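Inspection log for the structure reproduced underneath, given as structure tokens.
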Amino acid sequence: MEFKVLELLEDWRPQCLAIFNGIIEEGLAFPWDKPWTMTEFDTYYVPEQPVWCAVTSGDLPVSPDKKVLGFVHIKPNGVGRLAHVANCGYNISPEARGKGIGKALVAKAIEVARDMGYVGMQYNAVVSTNTIAIKLYESFGFSIIGTVPQGFRLGSKDNPHYVNHHIMYLVL
């Protein structure tokens with residue numbers, strides 16, 4: 001699958017929201033349990049922090065008609081005295097998984113975070129059952145620095161199954 005990683009265009013936001021809400025519905029990686037509106041998405045994902053999208057490549061230059069395959073949002077992990085550490089959220093559409101999109105987005109996020117002056121990158125809740133993501137992050141040098149026992153709920157509130165989640169860190 002050929003793709004390019006480009007900074008978010010306004011017209012790609014609905015595709016990003018659809019990918020994000022699909023991941024929420026899967027219930028395997030993100031903490032949210034209800035789909036978001038475009039307003040909620042824009043408030044969280046689009047403000048002053050950069051969003052990078054993996055989009056289909058082709059003969060056309062950057063244009064709104066590209067298909068978004070996945071995206072990453074780069075933001076501070078905290079405020080004030082914690083704002084020098086980056087945090088990211090990776091979102092890959094189901095049909096694009098296993099095709100190098102995640103690897104390209106992690107590489108881009110690390111590059112952008114370094115350029116922005118971050119000194120580290122921290123992922124606060126990598127679900128222990130998401131072994132593909134864990135292996136990917138470790139391939140870039142991330143380490144598991146902590147584990148929250150039964151910190152993530154799989155399944156519904158009525159029929160929960162709890163698994164661990166990890167805190168992962170990379171010194172930039």
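The values are calculated or read from the model by the stated rules, or taken from the named source; none is laboratory data. Computed from a predicted structure; not experimentally measured. With ideal geometry, Cβ positions are generated from the backbone for all residues, glycine too; neighbour counts draw on all protein chains shown.
Looking at this structure, is V126 of a type in the set (V, I, T) and over 20 Å from P31 (Cα atoms)?
Judged against the criteria, V126 is not a match.
Being among the polar types (S, T, N, Q), out of contact with any Gly (no Cβ under 9 Å at 6 or more places or on another chain) and in contact (Cβ under 8 Å) with a residue 60 or more places away in the chain narrows it down to one residue among N130, N159; which is it?
Numbers: N159 fails: in contact (Cβ under 8 Å) with a residue 60 or more places away in the chain.
Of the residues listed, the single one that is among the polar types (S, T, N, Q), out of contact with any Gly (no Cβ under 9 Å at 6 or more places or on another chain) and in contact (Cβ under 8 Å) with a residue 60 or more places away in the chain is N130.
Against the criterion of being more than 18 Å from F20 (Cα to Cα), of a type in the set (S, T, N, Q) and not in a strand (DSSP E or B), T129 qualifies.
In this structure, Y118 qualifies as surrounded by 16 or more Cβ atoms within 10 Å (Cβ to Cβ) and either in a strand (DSSP E or B) or of a type outside the set (A, V, I, L, M) (or both). If the condition is being closer than 15 Å to V171 by Cα and either modelled with pLDDT under 95 or surrounded by 15 or more Cβ atoms within 10 Å (Cβ to Cβ) (or both), then region 70-83 contributes P76, N77. A86 passes every criterion in (1) surrounded by fewer than 20 Cβ atoms within 10 Å (Cβ to Cβ); (2) within 17 Å of the chain's Cα centre (by Cα); (3) at pLDDT 90 or above; (4) under 28 Å from V148 (Cα atoms) apart from (1).
The rows are residues; the columns are (1) surrounded by 13 or more Cβ atoms within 10 Å (Cβ to Cβ); (2) assigned to a loop (DSSP other than H, G, I, E, B).
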| site | (1), (2) |
| --- | --- |
| D11 | no, no |
| P14 | no, no |
| L17 | yes, no |
| F30 | yes, yes |
| P35 | yes, yes |
| E40 | yes, no |
| Y44 | yes, no |
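Filter region 70-114 down to the residues that are hydrophobic (A, V, I, L, M, F, W, C) and without any contact (Cβ under 8 Å) to a residue 24 or more places away in the chain and list them by number. Of everything in region 70-114, those that are hydrophobic (A, V, I, L, M, F, W, C) and without any contact (Cβ under 8 Å) to a residue 24 or more places away in the chain turn out to be V79, L82, A83.
Looking for something surrounded by fewer than 14 Cβ atoms within 10 Å (Cβ to Cβ), over 23 Å from A54 (Cα atoms) and within 19 Å of the chain's Cα centre (by Cα) - is there at least one such residue anywhere in region 97-113? No; the residues of region 97-113 include none that is surrounded by fewer than 14 Cβ atoms within 10 Å (Cβ to Cβ), over 23 Å from A54 (Cα atoms) and within 19 Å of the chain's Cα centre (by Cα).
Every condition in (1) surrounded by 12 or more Cβ atoms within 10 Å (Cβ to Cβ); (2) assigned to a strand (DSSP E or B) is met by H161 except one, and the failing one is (1). The single condition from (1) within 30 Å of T56 (Cβ to Cβ); (2) assigned to a strand (DSSP E or B) that I145 fails is (1). Answer with yes or no whether Q150 is crowded, with 17+ Cβ neighbours inside 10 Å, of a type in the set (S, T, N, Q) and more than 22 Å from L6 (Cβ to Cβ). The answer is no for Q150.
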